[in-house]
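> Structure in structure tokens, see below.
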Amino acid sequence: MNRIYVTVLATLLIIVGLLLGASMWLDILRANTYVDTGELDWEIVQGPTIWLDACGLQPGFGSYKGNDWNATYLPSPGALQLDKDVGCTHVALIDSDGDGDMDTMNVALYNVYPWYYTHIAMKVHNDGSIPLKIWRVIIDGQYYYELNEHALQQGVELDLNNDEAPDILIWWGDNFGTQLHPCQSADISFDLTVLQSAPQNTVLSFTISLQAVQWNEYSVPAQSP
Amino acid sequence: MKALNTVMGLALAGLAILALGTAMAMWYETLLVNTYVETGEVKVAWADLKCSDEGPDPQLPDSDFHNDEGKDVAQCIVEPEVYDEKGNVVKVNITLVNAYPGYNPVITLTVENIGTIPVKLLNYGFTDGGYDNQALSVTITVPEDTQLHPEGTHDITINIAVLQTASEDTDYSFELEFTYAQWNEVQSITTVS
């Protein structure tokens, strides 16, 4: 009998407790939060990308003719156009990540020879919504944060065929760290000179990629690789 | 003899009626107590809304992110979303536009007790599944003592950091709920998720 009383009492207490809990006076405040992220995006603009001695140009003098250029003044800047059309330069832009923007450049030098010189210029454009800074250039997998910042003779020599002898000299018109706000663009150019130790009978080809970072993350490693 | 009995009976009946009449005429007075119970109200509202991004974008502290140039790239918008029948704000909308890794605004929401009964924060937290912790880091800070007397206020802060692993061009959302109850029923705050 006592057990029945205890059970009934406990049940009643639980019900009362539930009722009290359910009837607690409350008021609720709410906050909805939406975070809409932006986009870091840039591209090599196809139209303004130009280069000297393009393959297919008719022989002749001038920037839009096919006669070769010679790095006559090396290590000083500049070149002299020759009276022969022997080699040529071809540039192709590639959308490496399939986002619709050209981000990689493939350069191929045909039938060239020591002191052959060419100049490639491009325009890069911030088509995203976040300010960016031009961070580094990747040439055949190698990262460069600075290329010959001050003097031509400090240009980077590249060994394209891995024979431990430099094949071309690249001098980068410095734009590392340049900041681009959305819709802004910048011109970037670089010179190429074929070196004495370049291999004969070889198409010299390499790939250049440009990387930018959002402005608030820009930093240059103490020692570039 | 029969007549005497009749007289006696009438006399007794008369006495009885007199006694009853006396009883009916007893002096008395009644005291009345009317009781009115007027209940109070547990009622809170968002009283003030602020965001730390009022110009240059705030960046995640103690990190490699920096905004020395004072750029204003992202926007933090905090505005009322739902009002009660008396025009008090009961739901706010926080929108971060064009956010990016390192962006770290702090939203301060002021709660006011607009009722008549002291309240305490009973529980708070994320509803509807929380938030994407691969993209965001969200920290809610409430006062140590959450008791609010009528007309009293306190601040709640929501610290939102966009992480490096957030995706570009993406919308992330989460909902928060803060439940206040009368002070004498709250033992401790619980967080819900």
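Any read-out appearing in this document is the output of simple, stated calculations on the displayed coordinates, not a laboratory observation. Predicted, not measured: the structure shown is a model, and the values here were computed from it. Because the Cβ atoms are built from the backbone with ideal geometry, glycine has one as well, and the counts that use them run over all protein chains shown.
> Projecting each Cα onto the charge dipole of chain A (Lys/Arg +1, Asp/Glu -1 at the beta carbon, about the Cα centre), which of A:126, A:109, A:195 comes out farthest on the positive side?
Most positive-ward Cα: A:126.
> Checking the cross-link filter: which lysines have an alpha carbon closer than 26 Å to that of residue B:86, excluding same-chain neighbours under 8 positions apart?
B:43, B:50, B:120
> Using the Cα atoms of the stretch A:166-211 to build a convex hull, what is its mean projected area in square nanometres? Mind showing how you got there, number by number?
On the way: hull surface 17.0 nm².
Average of the hull's projected areas for the stretch A:166-211 equals 4.2 nm².
> Taking the dipole about the Cα centre of the stretch A:53-168, with the C-beta of Lys and Arg at +1 and of Asp and Glu at -1, give me whichever of A:76, A:156, A:142 is farthest to the positive side.
My answer, from the dipole projection, is A:76.
> Here's something else I'd like to know. Could you work out, for the stretch B:132-193, what percent of all Cα-Cα pairs fall into each 10 Å distance bin, beginning at 0 Å and stopping at the bin that holds the largest distance?
For the stretch B:132-193, the binned pair fractions read 15, 42, 24, 15, 4 percent.
> Next question. At a Förster radius of 41 Å, what calculated FRET efficiency corresponds to the Cβ-Cβ distance of residue B:151 and residue B:30, to the nearest 0.05? Provide the component values of the computation, followed by the final result.
Numbers: r = 43 Å, r/R0 = 1.05.
The formula returns an efficiency of 0.40 here.
> Taking C-beta distances below 4.7 angstrom as the pairing criterion, name the unpartnered cysteines of chain A, in sequence order.
A:183
> Please arrange A:170, A:4 by counting, for each residue, the other beta carbons lying within 10 Å of its beta carbon, fewest first.
Numbers: A:170 21, A:4 8.
The fewest-first ordering by Cβ neighbours comes to A:4, A:170.
> If you don't mind, another one. Under unit Cβ charges (Lys, Arg +1; Asp, Glu -1), what dipole magnitude, rounded to 20 debye, does the protein assembly as shown have relative to its Cα centre? Working shown, then result.
Numbers: 14 positive and 56 negative charges, 503 e Å.
That gives a dipole near 2420 debye.
> I've got another one for you. Could you tell me what % of all Cα pairs in the protein assembly as shown have separations over 34 Å? Write down the numbers at each step before the final one.
On the way: 51071 of 87153 pairs.
Within the protein assembly as shown, distances greater than 34 Å cover 59 percent of Cα pairs.
> Which loop-located GluC sites (Glu not before Pro) does the stretch A:94-202 contain, where loop means any DSSP state but H, G, I, E or B and the Cβ has at most 14 other Cβ atoms within 10 Å?
Sparse-neighbourhood loop GluC sites (Glu not before Pro): A:149, A:164.
> Roughly what percent of Cα-Cα pairs across chain A reach past 24 Å?
On the way: 13993 of 25200 pairs.
Considering chain A, 56 percent of its Cα-Cα pairs are separated by more than 24 Å.
> Rank A:161, A:106, A:201 by mean-square fluctuation in a GNM of chain A with C-alpha springs under 10 angstrom and give only the top-ranked residue.
A:201
> For the stretch B:44-192, compute Rh as the Kirkwood radius over C-alpha pairs and then the Stokes-Einstein diffusion coefficient at 25 °C and 0.890 mPa s; write the answer in µm²/s, rounded to an integer.
On the way: Rh = 16.5 Å.
Stokes-Einstein gives a translational diffusion coefficient of 148 µm²/s.
> Additional query: Enumerate the whole-percent occupancy of each 5 Å bin, from 0 to the last occupied one, for all C-alpha pair distances of the stretch A:70-175.
Percent of pairs per bin, in order: 2, 9, 17, 23, 21, 15, 8, 5, 1, 0.
> Place a +1 charge on the Cβ of each Lys and Arg in the stretch A:42-217 and a -1 charge on the Cβ of each Asp and Glu, then give the dipole magnitude about the Cα centre in debye, rounded to the nearest 20.
On the way: 5 positive and 23 negative charges, 93 e Å.
Roughly 440 debye, rounded to the nearest 20.
> Separate question: May I ask you to compute the full-extension gain from residue A:8 to residue A:97, defined as 0.36 nm times their residue separation minus their alpha-carbon distance, rounded to one decimal in nm? Mind showing how you got there, number by number?
Details: separation 89, 0.36 × 89 = 32.04 nm, distance 7.18 nm.
Gain in length upon complete extension: 24.9 nm.
> Let me ask something else about it. Could you please rank A:63, A:76, placing first whichever residue has the fewest other Cβ atoms within 10 Å of its Cβ? Let's see the in-between values first.
Numbers: A:63 13, A:76 10.
Ranking A:63, A:76 by Cβ neighbours within 10 Å, fewest first, gives A:76, A:63.
> Residue separation times 0.36 nm, minus the C-alpha to C-alpha distance between residue B:169 and residue B:137: what's the value? Don't skip to the end; give the middle numbers.
On the way: separation 32, 0.36 × 32 = 11.52 nm, distance 1.78 nm.
Fully extending the segment from residue B:169 to residue B:137 adds 9.7 nm.
> For the stretch A:154-225 and the stretch A:117-136, what is the separation of their C-alpha centers, rounded to whole Å?
12 Å
> Restricting to DSSP H runs of at least four residues, report the calculated mean residue ellipticity at 222 nm for chain A, -39500 (n - 2.57) per run over all residues, nearest 500 deg cm²/dmol.
Details: 1 runs with 21 residues, N = 225.
Dividing the helical sum by the residues of chain A leaves -3000 deg cm²/dmol.
> Gain in length, residue A:145 to residue A:159, computed as 0.36 nm per residue apart minus the alpha-carbon separation, to one decimal in nm?
Numbers: separation 14, 0.36 × 14 = 5.04 nm, distance 1.82 nm.
So the extension gain works out to 3.2 nm.
> Could you give the angle, 0 to 90 degrees to the nearest 10, between helix A:2-22's Cα long axis and the longest principal axis of the Cα atoms of chain A?
50 degrees
> A follow-up question, please. Below 10 angstrom from the Cβ of residue A:158, what's the summed charge of the other residues (Lys, Arg +1; Asp, Glu -1)?
Details: positive: none; negative: A:140, A:157, A:159, A:167.
Combined, the nearby Lys, Arg, Asp and Glu give -4.
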